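Trainee: The structure follows.
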Amino acid sequence: MPKPYSLQVSEDINAPIDVVFDVLNDLNQLDAWSPFVAMDPSIVSSISTPATGVGAVYAWKGKRIGSGSMTMTVSTKPNKIAFDMEFNGKDKALSEYLITETDGVTTVTWFLGGERGLGGQIMNALFKFDKMMAKNFADGLGKLKSVVEAKTAK
């Protein structure tokens, strides 16, 4: 029986909310900060045209991380971007970037949620998948922070 799961990680970025949103909304900029691209150099990706906004698609295939796609379903400037994700042709998930700004500091929360079948539940128990993914998300958001702050320092 499938069981729900979710995880989320946040990072504070010293940049205006509109700049952060624009980087996250543009799939052409994803490879610059994605932790998954860094972990699997064999990745081949494709990006739809247009690469921004609802309907934009990023697809990938790699030896280590498998294949999948993410389709942008929500692009509400400046606070939310959401994707329907598919992994290896079978597993599905929802991914969201929730973006807020307080006193010039923008906080990005990266959320992932879905349901796991028995196989996924066993893999999570054995390999601590959620803990590993939370670390990957934190690494990616740290890279996003560097990318965005470098853009605004110019």
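Trainee: Please give the calculated 222 nm ellipticity per residue for the chain, where each DSSP H segment of at least 4 residues contributes -39500 (n - 2.57) and the sum is spread over every residue; nearest 500 deg cm²/dmol?
Mentor: Mean residue ellipticity at 222 nm (helix-derived): -9500 deg cm²/dmol.
Trainee: What does the charge count around Ile13 come to, taking other residues whose C-beta lies under 10 Å from its C-beta (Lys +1, Arg +1, Asp -1, Glu -1)?
Mentor: Summing Lys and Arg as +1 and Asp and Glu as -1 gives -3.
Trainee: Another question, if that's okay. Put a dot 7 Å past each Cα toward the Cβ at Met123 and Asn79; how far apart are the dots in nm?
Mentor: 3.4
Trainee: Another one. Would you mind listing how long region 1-60 runs along its three principal axes, going by Cα atoms, in whole Å with the largest first?
Mentor: That works out to 42, 28, 26 Å along the principal axes.
Trainee: Something else about it: Could you give the nm distance between label points at Ala51 and Thr109, where each point is 7 Å from its Cα heading toward the beta carbon?
Mentor: Taking the two extended label points, one gets 2.9 nm.
Trainee: Please give the net charge around Ser42, taking every other residue with its beta carbon less than 14 angstrom from that of Ser42, where Lys and Arg add +1 and Asp and Glu add -1.
Mentor: Local net charge: +1.
Trainee: Here's another thing I want to ask about it. Loop-only trypsin sites (Lys or Arg not before Pro) in region 52-81, please: DSSP not H, G, I, E or B, and at most 16 other Cβ atoms within 10 Å.
Mentor: Counting only loop positions with at most 16 other Cβ atoms within 10 Å, the trypsin sites (Lys or Arg not before Pro) in region 52-81 are Lys63, Arg64.
Here, each number is a calculation from the coordinates, and none is a lab measurement. Quantities reported herein were computed from a predicted structural model and do not represent experimental measurements. Glycine gets a Cβ as well: all are built from the backbone with ideal geometry, and neighbour counts include every protein chain shown.
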